[in-house]
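To keep things clear, I will list the structure first and then write my remarks on it.
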Amino acid sequence: MDIPHALFEEKIEAMKATKGLRNDTELTARDLKELVEQYKNVYVEAKGEEFPSDPKKQLHLSVLAVFNSWNSVRANKYRSINKITGLKGTAVNVQCMVFGNMGDTSGTGVLFTRNPSTGEKKLYGEFLVNAQVQIYRGEDVVAGIRTPQDLDTMNECMPEPYAELVENCKILESHYKEMMDIEFTVQENRLWMLQCRTGKRTGKGAVKIAVDMVNEGLIDSHAAIKMVEPRHLEQLLHPQFENPSSYEDRVIATGLPASPGAAVGQIVFTADDAEAWHAQGKSVILVRTETSPEDVGGMNAAAGILTARGGMTSHAAVVARGWGKCCVAGCSGIRVNDAEKVVLVGDKVFCEGEWLSLNGSTGEVILGKLPLSPPALSGDLGTFMAWVDGVKKLKVKANADTPADALVARNNGAEGIGLCRTEHMFFSSDERIRAMRQMIMAETIEQRQIALDRLLPYQRMDFEGIFRAMDGLPVTIRLLDPPLHEFLPEGNVEDIVHVLSAGTTATQEEILTRIEKLSEVNPMLGFRGCRLGISYPELTAMQARAIFEAAIAMTEQGVKVFPEIMVPLVGTPEELDQQLKVIREVADKVFAIAETTISYKVGSMIEVPRAALIANEIAEQAEFFSFGTNDLTQMTFGYSRDDVGKFLPTYLSHGILQSDPFEVFDQKGVGELVKIAVERGRRTRPDLEVGICGEHGGEPSSVAFFAKAGLNYVSCSPFRSDASSTLAMNTNR
């Protein structure tokens, strides 16, 4: 009826306080009659009409209330979070109900057949004496309207119904072979089972339940793998809060759960401050309206990231997932004031230095400093992953841009690096970004070569670290991809010119002219990818040299190296051929100087629709394909990832799209291009290895499609590799 339940609770609490009572059951019949009149007054004040006394009218309004609940804010948000689409509405069943509020011999409760948090094999639930349950999830116990008692107390006051309940739980769990969520009512000492369904659980609980049920002989290891969802493993591979139920009253805002895990730190508002505070040994939460590539240093230094704007594929979300950083994005309930260094949540103001805790698995923003538990790949999780490794067919690689990322990927079971983005290396220190900007601002090949010579040792050092971490496994390195303007400083023109003029003899006018040349109307379809390497072959040559020199250095140290160089944004065979010639020439020179050779591959990213359609020609030179599904989706739909938020919510709410194509892979359109490319590419090169390296590599339905399409591997965040391993197995049985 759209009347806040709190209005009714205020009346009963006031009455108990007046009469000096603690429990509802202590109210007399006269008290309850008086309370009913107060409830009716609440209804009149809220609805402007008398509460209907006709039972048929009451039933009619109850049915309408359920129908209307379908489009409530809460219901829509739930369906959005859980990606439930295509449903037209809800149904209403009208039936007789037993009563749990008929005195001290009646009650109601909710239980799980095992502990959903820890997985312990013990009934876990709550019970309320003299309370009523409703069929939908709005009952006293579940909603927390009254403080329930532990389920064990039921054995003391109602031993016979409790014994029957315990036996029923065994029967249901044995039948469904799952941990069950059960609702029940006791009416005058008689037990009634209302409903049961598969119980939701934490990552820790999911793995323990699966392993225990195998050990108990209830299920086999194949069924156990099906029980554990990828998101459960993601939780286990990130730090978690020790006791999530302890902070419910301290949640100040909720955004999108952009990158799982938990983070605790002090609020900072700029990337520079994040790095400075981190250097002092402080844990920080970087709070921004939204992030940009310029913030990468601060994002890397921060324990967690909170943004007011942006979605699940925003810059903050993608970078955070890649690094295993906890991130809450698109938190519309906050307003960030960078000038005053405060964040506003409603009428409350939080300043720089105050402590926040983020739950990246739920999107919750919590005030204060909460204790964390580190992840560990051992015990039940180690047993479970051994089962996964024994049956999966689709390889799982990881996206990793630094040696630290590569080590995490290796520890999490990745079978190689499927995407190493070289551009992220340039942001990791002031010296590197200055050299990169020097290269960008160069007007001559000679000037550009000086800057590239400065960058060479940095790239070589990073590649050595990655090769060392991935000893014996392939590493796919993507040549420079983003538009050059992304490496320029942010701010007004004067600030940009001031930063770029440091260490150069160029005049202000010359710098402004160069900046103007870098300006593009549509940069994501402009001067980027292989177009950079073709225009500046010395750039490709520097990166290739760093790769080969690092590979030889590691080989001499006994490390088994398998480098794979990937050319981005290829749309014609001629583009790949030009870059391939540069790479081969550099390889020959490096090998001649070192008096040795190593095996390597050169392949193409397939992210331009034209490349997918002429994959047979691309495969004449490319030794492998890797689908960049983010850009392939963008170019196929004609949607800008940066602007899609302006209309996508409308498309989803109107059913024009069933899901965000940047989160859930579009199998009908973009997927058809993938199938065409795989078929035509292997027609030319039967042994062509094909994988994907976009964010879709960790999404269940997307991975299922890639397996059916004949791909060899998926590549995802190093913190999602175990999760994707489960997906790879589940989609290939």
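Things worth noting here:
- Single residue of the stretch 113-140 satisfying the filter (among the hydrophobic types (A, V, I, L, M, F, W, C) and within 20 Å of residue 65 (Cβ to Cβ)) that is modelled with the highest pLDDT: 133
- Looking only at the stretch 224-240, and only at residues there that are modelled with pLDDT under 85 and either among the aromatic types (Phe, Trp, Tyr) or part of a helix (DSSP H, G or I) (or both), the one that is surrounded by the fewest Cβ atoms within 10 Å (Cβ to Cβ): 231
- Among residues of the stretch 530-555 that are under 19 Å from residue 482 (Cα atoms) and touching a residue at least 12 places away in the same chain (Cβ under 8 Å), those with a Cβ under 6 angstrom from a residue that is acidic (Asp, Glu) and in a helix (DSSP H, G or I), sequence gap 6+ or separate chain, pair up as 530/575.
- Subset of the stretch 447-460 that is of a type in the set (A, V, I, L, M) and in contact (Cβ under 8 Å) with a residue 40 or more places away in the chain - its residue that is surrounded by the fewest Cβ atoms within 10 Å (Cβ to Cβ): 456
- Meets criteria (touching a residue at least 40 places away in the same chain (Cβ under 8 Å), surrounded by fewer than 14 Cβ atoms within 10 Å (Cβ to Cβ), part of a loop (DSSP other than H, G, I, E, B) and touching an Asp or Glu at 6+ places or on another chain (Cβ under 8 Å)) for residue 489: yes
- Of all residues in the stretch 23-50, those that are surrounded by 12 or more Cβ atoms within 10 Å (Cβ to Cβ) have Cβ atoms under 8 Å from Cβ atoms of residues that are polar (S, T, N, Q), 6 or more apart or on another chain, in 24/130; 25/130.
- First in the stretch 608-633 and under 21 Å from residue 668 (Cα atoms) and in contact (Cβ under 8 Å) with a residue 12 or more places away in the chain, second anywhere and assigned to a helix (DSSP H, G or I) and of a type in the set (Ser, Thr, Tyr), Cβ under 6 Å, 6 or more apart: 609/636
- Evaluation of residue 80 against the conditions (1) of a type in the set (S, T, N, Q); (2) modelled with pLDDT of 90 or more; (3) not in a loop (DSSP other than H, G, I, E, B) shows that the sole unmet condition is (2).
- Taking the listed residues 210, 253, 206, 274, the one that is more than 26 Å from residue 703 (Cα to Cα), at pLDDT 90 or above and buried (at least 23 other Cβ atoms within 10 Å of the Cβ) is 274, with no other qualifying.
- Evaluated against (1) over 22 Å from residue 397 (Cβ atoms); (2) of a type in the set (A, V, I, L, M); (3) crowded, with 18+ Cβ neighbours inside 10 Å, residue 473 falls short on exactly one condition, (1).
Table: residues versus (1) closer than 28 Å to residue 416 by Cβ; (2) modelled with pLDDT under 95; (3) of a type in the set (Asp, Glu).
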position	(1), (2), (3)
513	no, yes, no
525	no, yes, no
546	yes, no, no
577	yes, no, yes
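- Condition met for residue 634 (part of a loop (DSSP other than H, G, I, E, B) and either surrounded by 14 or more Cβ atoms within 10 Å (Cβ to Cβ) or hydrophobic (A, V, I, L, M, F, W, C) (or both)): no
- Within the stretch 521-554, if we keep just the residues that are outside any helix (DSSP H, G or I) and within 34 Å of the chain's Cα centre (by Cα), the residue that is nearest to residue 569 (Cα to Cα) turns out to be 529.
- Scanning the stretch 37-52 for residues that are of a type in the set (Gly, Ala, Ser) and under 44 Å from the mean Cα position of the chain (by Cα) turns up just one, 46.
- Taking every residue in the stretch 703-722 that is under 14 Å from residue 666 (Cα atoms) and surrounded by 24 or more Cβ atoms within 10 Å (Cβ to Cβ) and pairing it with any residue that is at pLDDT 80 or above and polar (S, T, N, Q), at least 6 positions away or on another chain, yields no pair with a Cβ-Cβ distance below 8 Å.
- Out of 468, 454, 434, one residue alone is within 29 Å of the chain's Cα centre (by Cα) and either closer than 22 Å to residue 628 by Cβ or assigned to a helix (DSSP H, G or I) (or both). It is 468.
- Test: residue in the stretch 445-452 that is closer than 30 Å to residue 262 by Cβ and small (Gly, Ala, Ser): no
- Applying the criterion of at least 2 residues that are modelled with pLDDT of 90 or more, surrounded by fewer than 17 Cβ atoms within 10 Å (Cβ to Cβ) and more than 20 Å from the chain's Cα centre (by Cα) to the strands (runs of 3 or more DSSP E) found wholly in the stretch 337-416 leaves 342-345, 348-351.
- Selection from the stretch 1-18 of residues that are part of a helix (DSSP H, G or I) and loosely packed, with under 12 Cβ neighbours inside 10 Å: 5, 6, 17, 18
- Residue within the stretch 58-70 that is loosely packed, with under 14 Cβ neighbours inside 10 Å, at pLDDT 90 or above and either more than 43 Å from the chain's Cα centre (by Cα) or closer than 30 Å to residue 700 by Cα (or both) present: yes
The values are calculated or read from the model by the stated rules, or taken from the named source; none is laboratory data. Small disclaimer: the values here were computed from a predicted structure and weren't measured. Positions of Cβ are generated from backbone atoms using ideal geometry, with glycine treated the same way; all protein chains shown enter the neighbour counts.
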